[in-house]
Amino acid sequence: MSPDFELLAAVARGVLDLSDVARPTALRLPYPASTQLAFDRMVLTFLQQDRPAPLSVPDLLSRCRDLLTTWPLALPPDVLTDDARLIDQSSAEPTLTCAELASYGRLGRLEQGAAQVIADLADACGAPERFAACRNFLIAHPVILDPDSSQLMRPATIRTWRTVRELYEPVPERFSTGHTVSICTECLLFAKPAEGDGAWCEGGCTKRRGGLERTEEPKHPIALPRAVRLFFALPGRTELALRKELPGGSQLVPTATGGLRLVCAGGTGRAVRVLNREQPALAAFRAAELAVLEDSPLDVVMPDAVVDRPGYRNAFDHNLPDGARVRLSSVSEFTAPHRSDRPGRTRA
């Protein structure tokens, strides 16, 4: 990938690290090392091109709200969608695109961190049944608005809760709006009211204010780390929908690689990864990396609403590296009676 694309990924990592600082709106010095380094690299690049460089880290953050297509960087064609930004304009929160860019390449660490958490959880659980129960709990509870011990310590959940509770942390201050924390009722991730009747959702859902669930701060809400929320719990919602649509006798079994194995009634199996990505090219790059871990071609399944976006499938297929044994499907396509006829292809 081009040096400018690598630079953009570095800026994305700097944005995320700064947003993780307590009370980041204060912009206190010193900045996180990744943020300062990304700023220095951006200034050097712009000066070498005789272009107006950011004057400060706050100035760089302001530019991160602009469309990336307006940045004077030599980016490969069609590698980012036209509406891509690093910071959402209404909420001032890092976008999904920012998180996906921060996970790109050998220095990427956000998605990779989530994968390590799940791998460690598998080791801690030991038995596949216990691991499956813990995975399901995390998918259903990325944010716990009211961590009521009487509910979490019930006989049906106590063993699972004791295994996963150390993964949870206090809700970051930036998600408190008027002493209230909100989540999206669709993806269950953090949300914030936006201008008018709208709302920003961490998972990228298009929401109105009525699609939010709120709790007062004295209930001490807790949440999974951002990496686990975005790269495990968010696609996990699609995984649950996929499980409901599978034909009788078929099941999805978690594997040691962090993926899933579709086991059909006849005993045949296939490697599956469920993803939810804004950027089709970055999804293709990651899918190719994941396919190397499997001993069979990899089916990548995403929500219908994602795959059906104009140009999404073409961009995904176009950016698959040669030799990648990957096939993209929506949930509806993957669960259709004649799956072999669905659109999609692998790169030979």
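Note on ASP295 and ARG270: their simple-model spin labels are 1.9 nm apart, each label 7 Å out from Cα toward Cβ. Please work out the FRET efficiency for the pair GLU6 and GLN116, using the Cβ-Cβ distance as r and a Förster radius of 22 Å; give the result to the nearest 0.05. Using R0 = 22 Å, I get an efficiency of 0.45. Looking at the stretch 80-127, the trypsin sites (Lys or Arg not before Pro) that sit in a DSSP loop and have at most 10 other Cβ atoms within 10 Å of their own Cβ are ARG106. Computed over the stretch 205-327, the range of Cα coordinates on each principal axis works out to 51, 34, 25 Å, biggest value leading. Segment ARG243..LEU67, full-extension length gain: 59.7 nm, with 0.36 nm per residue of separation and the alpha-carbon distance subtracted. Residues whose amide H comes within less than 5 Å of that of ALA324, counting only those at least five positions distant or on another chain, are ARG347 (H built at 1.01 Å from N in the peptide plane). Within the accessible area of the chain, the carbon and sulfur atoms contribute 52%, probe 1.4 Å, all protein chains present.
For TRP200, the amide hydrogen comes within under 5 Å of the amide hydrogens of LYS192, ALA194, counting only partners 5 or more places away or on other chains and with H modelled in the peptide plane. Couplings for the stretch 139-148, taken from phi via the Karplus curve 6.51 cos²θ - 1.76 cosθ + 1.60 with θ = phi - 60°, read 4, 7, 9, x, 10, 10, 5, 10, x, 6 Hz in order; Gly and Pro are left as x. The heavy atoms of CYS187 offer some 10 square angstrom of accessible surface to a 1.4 angstrom probe. A simple rule links phi to the HN-Hα coupling: the Karplus curve 6.51 cos²θ - 1.76 cosθ + 1.60 with θ = phi - 60°, which for the stretch 7-20 gives 5, 4, 5, 5, 4, 4, 5, x, 4, 5, 5, 5, 5, 7 Hz, with x for Gly and Pro. Using 0.36 nm per residue and subtracting the Cα-Cα separation, the extra length available between LYS219 and ALA124 on full extension is 31.3 nm.
Taking all protein chains as they are arranged and a probe of 1.4 Å, the heavy atoms of MET153 leave approximately 70 Å² accessible to solvent. Using a probe of 1.4 angstrom and keeping all protein chains present, the accessible surface of the stretch 1-122 works out to 49 square angstrom per residue. At q = 0.18 Å⁻¹ the log10 of I(q)/I(0) for the stretch 19-163 amounts to -1.13, computed by Debye summation with a single uniform scatterer per C-alpha, solvent ignored. With a cut-off of 17 Å, note down the residues of the stretch 54-79 whose backbone N falls inside the zone around a label point 7 Å from the Cα of PHE46 toward its beta carbon. Counting backbone N atoms under 17 Å from the label point, the list is 54-75.
Full extension of the chain segment joining SER176 with LEU37 gains 47.1 nm, where the gain is 0.36 nm per residue of separation less the Cα-Cα distance. When Rg and the Kirkwood Rh are both derived from Cα coordinates, the Rg/Rh ratio for the stretch 105-174 amounts to 1.01. Highest-first packing order for the peptide set 10-16, 224-230 is 10-16, 224-230, based on the mean count of other beta carbon atoms within 10 Å. When shorter helices are ignored and each DSSP H run of at least 4 residues is given -39500 (n - 2.57), the per-residue value for the chain at 222 nm works out to -10500 deg cm²/dmol. Among DSSP beta bridges lying fully in the chain, give the percent that are antiparallel, nearest 5. In the chain, DSSP labels about 75 percent of beta bridges as antiparallel.
The values are calculated or read from the model by the stated rules, or taken from the named source; none is laboratory data. Fair warning: this is a prediction, and the values are worked out from it, not measured in the lab. Please note: Cβ atoms are built from the backbone with ideal geometry, for glycine as well, and neighbour counts cover all protein chains shown. The protein model used for the area step is the full one, side chains on, heavy atoms only, and it has no ligands, DNA or RNA in it. Shrake-Rupley method; radii C 1.70, N 1.55, O 1.52, S 1.80 Å.
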